[in-house]
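Worksheet: the structure to be examined is printed underneath.
The values are calculated or read from the model by the stated rules, or taken from the named source; none is laboratory data. Worth saying up front: this structure is predicted, and the values here are computed from it rather than measured. As a convention, Cβ positions derive from the backbone with ideal geometry for all residues, glycine included, and neighbour counts pool all protein chains shown.
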Amino acid sequence: MSTATPEPRVGGPPPTCAVEDAVERIRLRNPTLCAFVTTRLDQALERDAELARAAPRSPLHRVPYALKDLWDTAGIPTTGGSDRFIDRVPETSSPVFEVFEAAGAVLMGKTNLSDMSLPPEATSYVGGATKNPHDLERTAGGSSGGAACAVADGMVAFDWGSDFGGSIRMPAAFCGVLGMRLSSSTWPVIGSFPDGPEEVRWMNGQGPIARTTSQMRAVLEVAAPRLRTGPALPFSLRGAALWPPDRGRWPSFRLDVERHLARAAGELTDAALPTPTRTRNIALAMYAAHFEEMVAMDSMPLSEGVRAAVSALVLRGAFGDKRLHPTTAWLMILMALGRATIFRDKQKARDAAARFGDDVAERWDRGFLVATPVCCYPAPIIGRTDKNPNLISCTVGGNLSDATSIAIPFGRFENGMPRALQLMGPPGSEHSLLDVAERLIASRDTDPLLTPVGPR
């Protein structure tokens with residue numbers, strides 16, 4: 001591991017944001033961590049020199065950042081994590097890239113993700129396996145694992161990810177940084193590759209990964225005029241509704257968070273929602289019931305997709321067949337089996353998802369944020385994320401309810417890996433969540449057992 005000075009704790013002073021420092025850090029650490037798929041370090045230094053001679057354009061002027069490799073960037077490869085698109089260079093850029101470029105931020109490169117952004121582990125034939133900066137044997141999570149790793153290790157100040165089942169929040173939790181999923185009804189996803197199926201697109205969100213709340217506010221301030229196009233729901237904070245895990249390795253969740261959450265949010269109550277395990281099954285039903293649409297977004301005919309998935313699991317890339325990475329192939333096989341057996345009724349799946357969303361919205365109507373772990377398990381060993389389907393149990397509720405959700409580092413598991421608290425609010429409540437997060441971090445940091453530390 002690196003012997004560099006530990007990075008500032010999350011919630012403390014912001015890390016150095018000089019482009020030169022970011023270039024040095026990326027050159028030192030990326031060969032080990034595999035956070036980036038593509039880097040453009042010489043171009044970043046040139047752009048920074050140009051910007052140094054210009055008046056500041058925004059709070060992000062000359063701030064080094066990265067983008068998850070699913071946001072189209074004209075003239076720069078955008079692969080979606082798939083080897084089939086390793087030579088894809090878009091001619092036009094996503095609004096996400098355009099807004100940060102116009103703000104004077106400096107793109108350092110594109111970060112690694114899972115194949116087609118599906119599995120909860122950033123491992124692909126394009127970028128290899130992104131390692132967790134806290135433990136090189138463990139995953140940084142997925143699909144925005146490269147983004148969270150780069151931010152946590154101080155390679156960039158922020159990244160902008162996407163979240164279809166926890167893909168921002170879980171990597172942020174595993175790496176010990178802040179991650180926010182913005183509601184798709186308020187911040188619709190435009191310009192991503194691949195673009196999710198229309199039938200379930202409302203479950204997909206986007207948002208920033210950063211080390212501090214002040215950095216996250218700056219990113220949202222710059223992005224909002226262009227990317228925030230929907231109305232916010234009325235919300236007056238009353239308190240937080242606790243949604244404890246029903247399994248996992250954080251049995252003391254309620255005891256750990258109650259005192260700090262009461263200081264930060266106000267009145268506490270029980271969420272009285274379906275268990276996280278039941279919620280996971282509702283989400284899995286949505287994914288599996290729309291299996292054909294999920295395959296179609298991959299630009300691959302169904303029959304070819306099945307053959308590619310079987311080949312990936314049996315041959316595992318041998319003989320040059322890299323159409324699908326095994327982590328994605330396994331998910332596709334499970335979705336196909338579910339579609340053919342117990343998840344054949346699309347309307348039933350949609351109705352169950354709508355009921356869950358209504359239940360969460362009722363808590364918001366009464367002024368309560370929903371508070372739950374991001375994940376009840378520490379980051380798995382690389383290659384073993386598919387062994388635990390419960391990893392996503394606490395995150396998918398945010399997708400089913402299209403919540404604005406933030407992951408906040410909150411102590412460590414017994415093996416020393418970071419864990420995180422999640423707050424879920426209504427569409428457009430990002431600043432309310434950040435207000436609560438700042439008070440929560442201030443309270444959390446009075447307890448040495450909960451205060452985060454930098455990567456080991």
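General observations
- THR186 fulfils the conditions (1) in contact with a helix residue (DSSP H, G or I) (Cβ under 6 Å, 6 or more places away or on another chain); (2) within 14 Å of ASN399 (Cα to Cα); (3) of a type outside the set (Lys, Arg); (4) touching a residue at least 60 places away in the same chain (Cβ under 8 Å) except for a single criterion, (1).
- Region 210-222, subset among the charged types (D, E, K, R) and buried (at least 16 other Cβ atoms within 10 Å of the Cβ), residue nearest to ALA105 (Cα to Cα): ARG217
- Summed over region 49-106, the residues that are in contact (Cβ under 8 Å) with a residue 60 or more places away in the chain, not small (Gly, Ala, Ser) and not in a loop (DSSP other than H, G, I, E, B) give a count of 15.
- When the criteria are applied in full, LEU284 fails the requirement of being over 30 Å from ASP345 (Cβ atoms) and out of contact with any His (no Cβ under 9 Å at 6 or more places or on another chain).
- Residue within region 244-255 that is more than 22 Å from PHE413 (Cα to Cα) and either of a type in the set (Val, Ile, Thr) or in a helix (DSSP H, G or I) (or both) present: no
- As a summary of the residue check, ARG259 satisfies the conditions (1) of a type outside the set (A, V, I, L, M, F, W, C); (2) more than 14 Å from LEU369 (Cβ to Cβ); (3) in a loop (DSSP other than H, G, I, E, B) except for the one numbered (3).
A quick yes/no check of all residues on (1) in a helix (DSSP H, G or I); (2) surrounded by 18 or more Cβ atoms within 10 Å (Cβ to Cβ); (3) acidic (Asp, Glu); (4) in contact with a Gly (Cβ under 7 Å, 6 or more places away or on another chain):
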site	(1), (2), (3), (4)
SER185	no, yes, no, yes
ILE190	no, no, no, no
PRO194	no, yes, no, yes
VAL200	yes, yes, no, no
PRO208	no, yes, no, no
ALA224	yes, no, no, no
GLY230	no, no, no, no
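- Residues located in region 129-155, provided they are assigned to a loop (DSSP other than H, G, I, E, B) and over 19 Å from LEU227 (Cβ atoms): THR130, PRO133, HIS134, ALA140, GLY141, GLY142, SER143, ASP153, GLY154, MET155
- With respect to the conditions (1) assigned to a loop (DSSP other than H, G, I, E, B); (2) out of contact with any helix residue (DSSP H, G or I) (no Cβ under 6 Å at 6 or more places or on another chain); (3) closer than 30 Å to PRO276 by Cβ; (4) of a type in the set (Asp, Glu), GLU121 lacks only one, and its number is (2).
- Of the residues making up region 373-401, those that are part of a loop (DSSP other than H, G, I, E, B) and either surrounded by 24 or more Cβ atoms within 10 Å (Cβ to Cβ) or hydrophobic (A, V, I, L, M, F, W, C) (or both) are VAL374, CYS375, CYS376, ALA379, ILE382, SER393, CYS394, THR395, SER401.
- Restricting the first member to region 365-376 and to residues that are over 13 Å from ASP246 (Cβ atoms) and modelled with pLDDT of 95 or more, and the second to residues that are part of a strand (DSSP E or B) and among the hydroxyl-bearing types (Ser, Thr, Tyr), the beta-carbon pairs closer than 8 Å and six or more apart or on different chains are PHE368/THR269.
- Some residue of region 87-110 being over 17 Å from SER192 (Cβ atoms) and among the basic types (Lys, Arg): no
- Single match in LEU369, LEU324 (criterion: outside any loop (DSSP other than H, G, I, E, B) and either over 30 Å from GLU258 (Cα atoms) or in contact with a helix residue (DSSP H, G or I) (Cβ under 7 Å, 6 or more places away or on another chain) (or both)): LEU369
- Restricting region 89-138 to residues that are among the acidic types (Asp, Glu) and buried (at least 24 other Cβ atoms within 10 Å of the Cβ), the residue that is nearest to the chain's Cα centre (by Cα): GLU121
- Residue under evaluation GLU414, criteria (1) more than 21 Å from LEU273 (Cβ to Cβ); (2) part of a helix (DSSP H, G or I), criterion not met: (2)
- Selected residue (only one of ARG40, ARG27 is within 27 Å of TYR125 (Cβ to Cβ), free of Cβ contacts under 8 Å to residues at least 40 places away in the same chain and surrounded by fewer than 24 Cβ atoms within 10 Å (Cβ to Cβ)): ARG27
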